[in-house]
Amino acid sequence: MMLLMKNFGEKLDSRPAGREAWLAIQPKLREIAQEENITLDFMDVLLLTPSFADEFITNLVREYPGHVILSRTRENITVQKTLEFLWETWEQKPVMQ
């Protein structure tokens, strides 16, 4: 499954927005098989803050350990630095492309 993060906005910048995105994606996540990979594509995302990422990505990594892929993370420094910051808190590390 491919999730285009820009669909949640160009600026992913608050805990409430991250929580809203997490709740919005729940029906789609229920449709996938537990062994299916989930790729988060950060193309065209201008800003990613730790608060948004903690609410959305941390929950995704926790619920689908070993099946999360973070794509196009090197195209934006805020995306890259935020993911590096949270990396240490994740028990199961997602794949970064």
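Tabulated results
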{"read-out": "Scope region 24-42; condition of a type in the set (A, V, I, L, M) and surrounded by 12 or more Cβ atoms within 10 Å (Cβ to Cβ); matching residues", "value": "Ala24, Ile25, Leu29, Ile32, Ile38, Leu40"}
{"read-out": "Of all residues in region 68-93 being of a type in the set (Phe, Trp, Tyr) and touching a helix residue (DSSP H, G or I) at 6+ places or on another chain (Cβ under 7 Å), the one that is nearest to Pro50 (Cα to Cα)", "value": "Phe85"}
{"read-out": "Within region 64-86, considering residues that are in contact (Cβ under 8 Å) with a residue 12 or more places away in the chain and in a helix (DSSP H, G or I), the one surrounded by the most Cβ atoms within 10 Å (Cβ to Cβ)", "value": "Val79"}
{"read-out": "Sole residue being assigned to a loop (DSSP other than H, G, I, E, B), over 14 Å from Thr73 (Cα atoms) and not aliphatic (A, V, I, L, M), chosen from Gln26, Gln34", "value": "Gln34"}
{"read-out": "Residue in region 41-63 that is part of a loop (DSSP other than H, G, I, E, B), among the basic types (Lys, Arg) and closer than 20 Å to Lys93 by Cα present", "value": "no"}
{"read-out": "Selection from region 6-23 of residues that are of a type in the set (A, V, I, L, M, F, W, C) and loosely packed, with under 14 Cβ neighbours inside 10 Å", "value": "Leu23"}
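Each value in this text was obtained by applying a stated rule to the coordinates, not by laboratory testing. Everything numeric here is computed off the predicted structure, so don't read it as measured data. Cβ atoms come from the backbone with ideal geometry, glycine included; neighbour counts cover every protein chain shown.
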